[in-house]
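For reference, the structure is listed below as structure tokens.
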Amino acid sequence: MTTLVQAWTGAQKRLKAAFIDSPAIDARLLLEAATGATRTDILTDPYRELTEDQEALLNTYLDKREKRMPVARILGRKGFWKLLLNLSEHVLIPRPETECLVDMVLKAYPEGESFSIADLGTGSGAILLSILSERPAAKGLGTDISEEALAVARDNAAHLGIASRAAFLRTSWGDGLHDATFDVVVSNPPYIRSDVIPTLDPEVKNHDPMLALDGGASGLEAFEALAPEIFRLLKPGGRTWLEIGFDQSEDVEKLMKSAGFEDVATYLDLSNLPRVVVGRKP
Ligand code: GLN
């Protein structure tokens, strides 16, 4: 029989031996999920015994983590902004850097204001649903080229109780949408240069969908398509927020200006890296 504290120690040892970055935290998260125990239980009731099923489940989780599958993907959920989002293998795991973009949009639109927003390449729906959950008078549309990703986004909208304000459409970026429809357009497109992808952590390159990472040879292919497309979709005076890679500010700003945007600027994330490019349609 294995107790909570033995299971936790054993799990940490396995993950440390596999050179996982944060063995203590990961071991705790997987143990909690496998047993239903809370962080407090592990400390206050350390000699509680695991059932055989719980022990077997923990082992399958540890096998996956040893193969560098991220905890969020093993458990199929990830906290983002104030939400707990469901995930599948078809969507990028939402990153904390992206919360910056959400924060910027929320600051631009006070609570109670009604506006329409499009999230192009919505994936799990992380950006769109975080914004809609905080702005009850807003409504939005998420597009994605992946039907499997849209299924995840729809499921998230439903369990968050905002399905009536969030529509989803399978298309490439804004293909098929009318001109001048939205007050706000956001996107976190794939922006990693193809030749950089082999150098990424196995957690990313082997487990995030390539469709959500690969920005082509220049890393800028999505932005080249998006800049004129977002300009077309925005109402006059409408604004856009785009997530970029840390070294793409100059190139993306140039693309935005040539598409006709004004007040183009780049904002830093919490690590002081360029992360969000903004622009306004005149
Ligand atoms: N920020 C992600 C990463 O670090 C990349 C996501 C993207 O290309 N939009 O892997």
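The values are calculated or read from the model by the stated rules, or taken from the named source; none is laboratory data. What you are looking at is a predicted structure, and each value in this text was computed from that prediction instead of being measured. Every residue, glycine as well, gets a Cβ built from its backbone with ideal geometry; the counts of neighbours run over all protein chains shown.
Observations, loosely collected:
- Scanning segment 136-153 for residues that are part of a helix (DSSP H, G or I) and touching a Phe, Trp or Tyr at 6+ places or on another chain (Cβ under 8 Å) yields Leu150, Ala153.
- Number of positions in segment 232-246 that are more than 11 Å from the ligand (Cβ to nearest atom), aliphatic (A, V, I, L, M) and within 18 Å of the chain's Cα centre (by Cα): 0
- Scoring Glu113 on the criteria (1) surrounded by fewer than 13 Cβ atoms within 10 Å (Cβ to Cβ); (2) at pLDDT 95 or above; (3) not β-branched (Val, Ile, Thr) leaves a single failure, condition (2).
- Residue check, Glu224 within 20 Å of the chain's Cα centre (by Cα) and either part of a helix (DSSP H, G or I) or aromatic (Phe, Trp, Tyr) (or both): no
- Selection from segment 17-49 of residues that are in a loop (DSSP other than H, G, I, E, B), β-branched (Val, Ile, Thr) and under 19 Å from Pro202 (Cα atoms): Ile20
- Qualifying residue in segment 50-64 (condition: more than 16 Å from the chain's Cα centre (by Cα), assigned to a loop (DSSP other than H, G, I, E, B), within 16 Å of the ligand (Cβ to nearest atom) and buried (at least 16 other Cβ atoms within 10 Å of the Cβ)): no
- Contacts under 6 angstrom Cβ, first residue in segment 30-58 being modelled with pLDDT of 95 or more, partner assigned to a loop (DSSP other than H, G, I, E, B) and among the hydrophobic types (A, V, I, L, M, F, W, C), 6 or more apart: Thr35/Leu50; Glu49/Met1
- Screening Gly121 on (1) buried (at least 23 other Cβ atoms within 10 Å of the Cβ); (2) touching a Leu at 6+ places or on another chain (Cβ under 8 Å); (3) not aliphatic (A, V, I, L, M) shows it passes everything except condition (2).
- Some residue of segment 99-109 being surrounded by fewer than 14 Cβ atoms within 10 Å (Cβ to Cβ) and in contact with a helix residue (DSSP H, G or I) (Cβ under 7 Å, 6 or more places away or on another chain): no
- Annotation: of all residues in segment 89-135 being part of a loop (DSSP other than H, G, I, E, B) and touching a strand residue (DSSP E or B) at 6+ places or on another chain (Cβ under 6 Å), the one that is nearest to Lys235 (Cα to Cα) is Phe115.
- Put simply, of Glu229, Glu250 the only residue that is in a helix (DSSP H, G or I), in contact with a strand residue (DSSP E or B) (Cβ under 9 Å, 6 or more places away or on another chain), farther than 22 Å from Ser124 by Cα and away from the ligand (no atom under 16 Å from the Cβ) is Glu250.
- Checking His207 against (1) outside any loop (DSSP other than H, G, I, E, B); (2) in contact with a Lys or Arg (Cβ under 6 Å, 6 or more places away or on another chain); (3) within 13 Å of the ligand (Cβ to nearest atom); (4) touching a residue at least 40 places away in the same chain (Cβ under 8 Å), the condition it does not meet: (1)
- Residues of segment 79-95 satisfying the condition of being without any contact (Cβ under 8 Å) to a residue 40 or more places away in the chain and either within 16 Å of the ligand (Cβ to nearest atom) or buried (at least 18 other Cβ atoms within 10 Å of the Cβ) (or both): Pro94, Arg95
- All of Ser194, Ser187, Ser218 fail the test of being of a type in the set (Gly, Ala, Ser) and within 10 Å of the ligand (Cβ to nearest atom), apart from Ser187.
- Matching residues, segment 232-247, being closer than 20 Å to Asp103 by Cβ and either part of a strand (DSSP E or B) or in contact (Cβ under 8 Å) with a residue 60 or more places away in the chain (or both): Gly238, Arg239, Thr240, Trp241, Leu242, Glu243
- Hits in segment 253-278 - residues which are within 14 Å of the ligand (Cβ to nearest atom), touching a strand residue (DSSP E or B) at 6+ places or on another chain (Cβ under 8 Å) and part of a loop (DSSP other than H, G, I, E, B): Asp269
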